[in-house]
1. Sorted by accessible area with a 1.4 angstrom probe, largest first, how do B:189, B:251 fall?
2. In segment A:32-126, with Lys and Arg counted as +1 and Asp and Glu as -1 at Cβ, which of these residues, A:63, A:94, A:82, has the Cα nearest the positive end of the dipole, that is, farthest along it?
3. With every protein chain left in place, what is the accessible area of residue B:275 in Å² (1.4 Å probe, nearest 10)?
4. How compact is segment B:86-132 by the rule of thumb for globular proteins, expressed as Cα Rg over 2.2 N^0.38 Å?
5. Quick one: which residues, 5+ away or cross-chain, put their amide H under 5 Å from the amide H of residue B:208? H built at 1.01 Å from N.
6. In debye, nearest 20: dipole of segment B:17-148 around its Cα centre with unit charges on the Cβ of K, R (+) and D, E (-)?
7. Under the rule a/c < 1.5 gives rounded, and otherwise a/b versus b/c splits prolate from oblate, where does segment B:215-255 land using the Cα gyration tensor?
8. Under the definition of partner shielding as Cβ atoms of other protein chains within 10 Å of a residue Cβ, what is the mean value for peptide A:140-150?
Amino acid sequence: MNWLMLCVSAILMGSLSTLGNAAPHCPQYVLSTWKLDSLKSTLTLLTPLKVQPGRAQEYCRPLPSSNQDNVELEITSKGKPVFSRNLFVNDVLYFDLPSSESELVGGRVVDPIRIFSTLIPEAALKQPVLEFRLKNLSTQKVLGTGKRDANE
Amino acid sequence: MNKLVGIILSTVFFFSLFLFSSNAFAARFKIALFAERDQKSLELAFTFAEIIRTAEPFRRMGNQLEIVVYHDTRGELQCFTGYLDIPNLLHCNSDFLERMQDVLGVNRMIAVTSRFPGAAGGSRPVLGNNPESGIVLHELFHTFGLGDEYDYTTQEQFRAYCNPPSTNRSNTVLIRPFSFYSSNMAARSLHKNQIPWFSDIKPTTLIISGSKLGTTEGIFPPQDAGLYRGGECSKWVPTWKPYYNNTIMRSVVQAEIMPLHSKIVIDVMQAEIGELISLKPMNSPDRDPRISETRIRGGLSNPPNNARSDSEKRVNPAK
């Protein structure tokens, strides 16, 4: 009986320690929504600075690549790097109309306004001042910049 | 004895918690369809939601995908046609959609209107009143970076979209071929860095026909990626695509979602929300027990503009 109790306790402790250990090593991320106005070269974080309960999720591994990343998002606070990540942001607006023969007729234009979402570390949002920059990865041209100040 | 039962019960509880936790913290990709206030738009949105739910690769995601239909009961979407002075280009109140995308914390926000035909895809897709079900997926796939695999045909289209041609997409690419290729290996070596889907082309698939660049149509299985002429500005500039058959990016009737399209969509979803813990196999009923079926929630009216937390707690389900 004692052996059985010992085994069960060991399993219990093992599972508890797995759960307990997971949290400190895995950064918490929140989904953020961004707007790039390429005509005004402005980058706006639409998500509020305050993290909402239940919104943060932990990810233990590096965030995957889209395999078609075309921009780099950089977040700094008073000039100090907070977070950066390569992303895919759709820069084209397509339009389609099925014709009478059910063939597609359409085209595409460069989208002046681009909305995209990405995970960012929850810790970044705790900074009172944040600066953002979105850079085209192939040309290194800055597409848009922005700033958020919690005190404003 | 009671102590032993207690320990066993708590062990079971913690194991269940552990199993559940890996699911509870699993990434979830959220798609919201926002229907204009009329009933027809709402019905269309539900139809579109079901098409998405049952299509590759979404059908394999189970509860890692969330599809919610919202009803714009306050009439804020205000969709119109002719955006950017382009006939049939649908557009809706972007301020409202941006606000809602943030309020609801969704990855894709699709506007639905029954008042106009046509559709738009990009970072802000809009679906009009089209009987062809494939157009839903065609536009949604545009949001993941997939380009058109059909050819633009008119001079107007050439002037508007192909002069100069746009940068490459994940499934279409502009490659100016050489006049002569000595071998398939030589062609692969010369162009491997230009073809975005090169790693998906099997070693046995030829990307030349004789001494010319391009896979011959009909020789290799249609599901196998190759290098086929066509797509977007192909009529005027040498554009290439991975498939020769009727794919969802080429047609919206009897069109197939090809393995490469599916892979691209999954890659972009994972980049946005983190790794998906499990996907059901493409051709097998086996599935991860942690993944239940995707559910469509819907008929929800506009969330308050200033709502910032979980939409489910804030919106009123329709009767």
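1. Working: B:189 80, B:251 5 Å².
I get B:189, B:251, largest accessible area first.
2. The residue sitting most towards the positive pole is A:82.
3. Here the residue's solvent-accessible area equals roughly 80 Å².
4. Working: Rg = 11.1 Å, N = 47, 2.2 N^0.38 = 9.5 Å.
Normalised by 2.2 N^0.38 Å, the Cα Rg of segment B:86-132 equals 1.16.
5. Residues meeting the criterion, in which the H sits 1.01 Å from N, are B:214.
6. On the way: 12 positive and 15 negative charges, 79 e Å.
Roughly 380 debye for segment B:17-148.
7. Working: a/c = 2.51, a/b = 1.13, b/c = 2.22.
It is oblate, given that a/c is not under 1.5 and a/b is not larger than b/c.
8. Numbers: counts 0, 0, 0, 0, 0, 0, 0, 0, 0, 0, 0.
Counting other chains' Cβ atoms within 10 Å and averaging over A:140-150 gives 0.
The values are calculated or read from the model by the stated rules, or taken from the named source; none is laboratory data. Keep in mind the model is a prediction, meaning the values are calculated, not measured. Note that each Cβ is placed from the backbone with ideal geometry, even for glycine, and that neighbours are counted across all protein chains shown. When the accessible area is computed, the model is the full protein with side chains, heavy atoms only, and any ligands, DNA or RNA have been set aside. Shrake-Rupley method; radii C 1.70, N 1.55, O 1.52, S 1.80 Å.
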